[in-house]
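Scroll down for the structure; my scribbles are underneath it.
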Amino acid sequence: MKRLLVGLLAVSMLVLAACGGSQSQPPGGSTSQGGTPQGGTPQGGTSAGSSSSGPSTSAGDKVIKIGLIAPLTGSVKTFGESSQKGFLLALEQAGYKAGDFKIEYVSGDDKGDSTEGVNLATRFITQDGVKAIVGSVTSGVTIPVSRIANENKIPMITGTATAEGVTVEEDGTRKPFIFRACFIDPFQGQVAARFALQELGVKTAAVFYDRGNPYTVGLAESFRAEFEAGGGQIVAWQAYTEADTDFSAVMTNVAALKPDMLYLPDYYNKVSLLAKAARDKGLGDVPMLGGDGWDSEDLDFEALAGNYFTAHYSADDPSPAVQKFVQEFEAKYGHKPDSFAALTYDATNILLEAIRVANTDDTDAIRQAMQDLKGFQAVGGSISFDEKGNPIKAATILKVSADKTYEFVTTVNP
């Protein structure tokens, strides 16, 4: 039945094959590009399903095609835009090569929607001939996309999707073709709880989460477990839906409970609404803490100034690897990279290294090379994968400033 579903999805996408998109924002389509030597501009034909070769690819060249899936439009488009920049920078620096293979790529906009993501993955695999996928960005899209990739034995690595279900099935069974470059939600939630108890010195917390989003549910549950285990008390466990935008009434109720802190593990758009409502109801002096979904230029910095979130890296981290990446990214794009750019850059380089080591377009060999990776030096630190395709790495605590910057606070190891 799963194979049949993939086939039906592929047939349905034939209807859309005439609709293309621009490289920066392909609305529901994909862009197919060939590579040029390092420092050049990637060129190639634009399509929504057919593959094409760039001018530097000749008949005798070995070519492997990879795909990027990211939300380039929609409510979390800044995540996708940053991820795309990290992806393209990694390819450019590699000279669009890995081992004996020239790299071509296709990219598509999932709009932050799981159906769009599944359609793109199906199109990439069945029509574009993609041999590996980078993406997606959010857990809600990446989990169903990972099933398509795994069923078709296509290696896939996400830079930023932190939910446990990305690399494992609901029963805990490993999806052998799926990897990630970021730490997972349980670790992130545990780090937040320890920071709240030990550094902020709080004893009670109110937790808000989107009941339909595995990312926010995972963070909320892991935070609660660690917070209570450390002697803290959850005085409000408040669920909402993605469609909710008015938090005035619920925040009034929570304010009456006088929590020592608020835990807001959601994406920047929803967190901004929650924080503003909290301030409006007299909770402006109560510390707020969240996850990596806060990391966006569209965060309401004024409402969240002085508050904290767990992140994967800081542009102010003095490590040579981080500072080299920041300088190169800033030289290309004119601004500092956020964690979504850094993690997708790492994910892309990990995939390129696996292709280089395998030196074949055989997808199982690429998968094995990625699983066997040991001590790969990435922006996010030295990366090796555990048995579930997750990296073992540290988390960073950042503090939000009103001037739209983040202050590096500390690093927490596993």
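The values are calculated or read from the model by the stated rules, or taken from the named source; none is laboratory data. All values reported here derive from a predicted model rather than from experimental measurement. Virtual Cβ from ideal backbone geometry, glycine too; neighbours counted across all protein chains shown. Just the protein is used for accessible areas: all its heavy atoms, side chains included, with ligands, DNA and RNA removed. Shrake-Rupley method; radii C 1.70, N 1.55, O 1.52, S 1.80 Å.
The set of residues in region 74-123 being in a strand (DSSP E or B), within 17 Å of residue 141 (Cβ to Cβ) and either open to solvent by 40 Å² or more (accessible area, probe 1.4 Å) or out of contact with any Gly (no Cβ under 9 Å at 6 or more places or on another chain) (or both) is empty.
Contact annotation: no residue pair with Cβ atoms under 7 Å, 6 or more positions apart or on different chains, pairs a residue in region 361-375 that is more than 11 Å from residue 132 (Cα to Cα) with a partner that is among the acidic types (Asp, Glu) and open to solvent by less than 30 Å² (accessible area, probe 1.4 Å).
Cβ-Cβ contacts under 8 Å between residues 6 or more apart (or on different chains), taken from a first residue in region 141-153 that is over 19 Å from residue 171 (Cβ atoms) to a second residue that is at pLDDT below 95, are listed as 152/6. When residue 162 is tested against (1) in contact with a Cys (Cβ under 6 Å, 6 or more places away or on another chain); (2) open to solvent by 10 Å² or more (accessible area, probe 1.4 Å), exactly one condition is not met: (2).
Of the residues making up region 279-300, those that are assigned to a helix (DSSP H, G or I) and either β-branched (Val, Ile, Thr) or in contact with a strand residue (DSSP E or B) (Cβ under 6 Å, 6 or more places away or on another chain) (or both) number 2.
For region 387-407, the set of residues classified as in contact with a strand residue (DSSP E or B) (Cβ under 9 Å, 6 or more places away or on another chain) and open to solvent by 80 Å² or more (accessible area, probe 1.4 Å) consists of 387, 388, 392, 407, listed by residue number. Residues of region 191-212 that are crowded, with 24+ Cβ neighbours inside 10 Å, more than 24 Å from the chain's Cα centre (by Cα) and closer than 14 Å to residue 307 by Cα: 196 alone. Listed conditions (1) closer than 30 Å to residue 294 by Cα; (2) open to solvent by less than 30 Å² (accessible area, probe 1.4 Å); (3) among the β-branched types (Val, Ile, Thr) are all met by residue 130, apart from (1).
Filtered by the rule that a residue be assigned to a loop (DSSP other than H, G, I, E, B), closer than 24 Å to residue 226 by Cα and of a type outside the set (Val, Ile, Thr), region 387-414 gives 387, 388, 389, 390, 393, 394, 413, 414. Of the residues making up region 224-276, those that are among the charged types (D, E, K, R) and either more than 22 Å from the chain's Cα centre (by Cα) or open to solvent by 40 Å² or more (accessible area, probe 1.4 Å) (or both) are 224, 226, 228, 242, 244, 246, 258, 260, 276. Considering region 196-226, and only residues there that are hydroxyl-bearing (Ser, Thr, Tyr) and touching a helix residue (DSSP H, G or I) at 6+ places or on another chain (Cβ under 6 Å), the residue that is modelled with the lowest pLDDT turns out to be 215.
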